[in-house]
Amino acid sequence: MHDTLPRAVPEQALQGIRKLIDDGEYRPGDALPSQRDLSEQLGVSRASLREALSSLSALGLVSVQPGKGVFVQASAPASSSFAWPYAEQVSASDTFQLRYALEGFAAGQAALAMTAHDIDRLQANVEAMRVELKAGRFEAAAQLDFAFHQHLLQACGNQAMLQVITASQDIFLESQKLPFIRPERAMETWEEHRKILRALARRSQAGAQKAMQEHIRNAASRTGVVFTV
């Protein structure tokens, strides 16, 4: 049976803040109450509130300004939409398509080149992601997601592809945060990483490439981005 993602406390806090914005109590430019007051209002701990604010900041809904407070950036999007902060540079759809092309190939090459130590590192990463997702710590999960993909790019041995990703690291990381806009489907990322890892462990070039491409298309779909190949 697959693990399921419980309605973790950080998610409750996230949804509570989004409801406040949806209901019009706080509009773009307004400051939210202090973290102490907000945690009391929502009935959550300060730690859970900080996790929720981190996720909302990653989605572009609030701006956390140290020493000043937390400010509403935009109305909370519907589950099928999202805030993409790099729209003036490149679209989210184009980013996912580039990842589909580059990382699918990279995963296939990595399947032929990875050592047992590499597989163990990825296994530890996948397990750590499961823990973070079950706790509702989506920002930490996104960082682990990025590390998983980065390790595959390094293992495949293609320095040109690695440089492309590294040069646009913030954009690629943002695309890996986006699927967590739907917390109820967040565990799918973990399941897809497990599938990729199984193909890598079998040294299956075709299997790893296919699993990675399916993962990136599914991740795009979870953010409302659909593309054909």
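The values are calculated or read from the model by the stated rules, or taken from the named source; none is laboratory data. Nothing here was measured: the structure is a model prediction, and the numbers come from that model. As a convention, Cβ positions derive from the backbone with ideal geometry for all residues, glycine included, and neighbour counts pool all protein chains shown.
What the table below lists for this structure:
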| quantity | calculated |
| --- | --- |
| Output for the stretch 15-69, where each listed residue is under 23 Å from Leu173 (Cα atoms) and among the acidic types (Asp, Glu) | Glu51 |
| Search result, residues across the stretch 141-158 that are touching a residue at least 40 places away in the same chain (Cβ under 8 Å) and of a type outside the set (Asp, Glu) | Ala141, Ala142, Phe148, His149, Leu152, Leu153, Ala155, Cys156, Gly157, Asn158 |
| Single residue of the stretch 73-85 satisfying the filter (among the hydroxyl-bearing types (Ser, Thr, Tyr) and either surrounded by 14 or more Cβ atoms within 10 Å (Cβ to Cβ) or part of a strand (DSSP E or B) (or both)) that is modelled with the lowest pLDDT | Ser79 |
| Flag for Phe138 being modelled with pLDDT of 95 or more and under 21 Å from Ser55 (Cα atoms) | no |
| Test for Gln89: is it of a type in the set (S, T, N, Q) and under 14 Å from His193 (Cβ atoms) | no |
| Selected residue (criterion: modelled with the lowest pLDDT) from residues of the stretch 39-72 that are out of contact with any Leu (no Cβ under 8 Å at 6 or more places or on another chain) and at positive phi | Gly60 |
| The stretch 90-125, subset over 22 Å from the mean Cα position of the chain (by Cα) and not in a helix (DSSP H, G or I), residue surrounded by the most Cβ atoms within 10 Å (Cβ to Cβ) | Met114 |
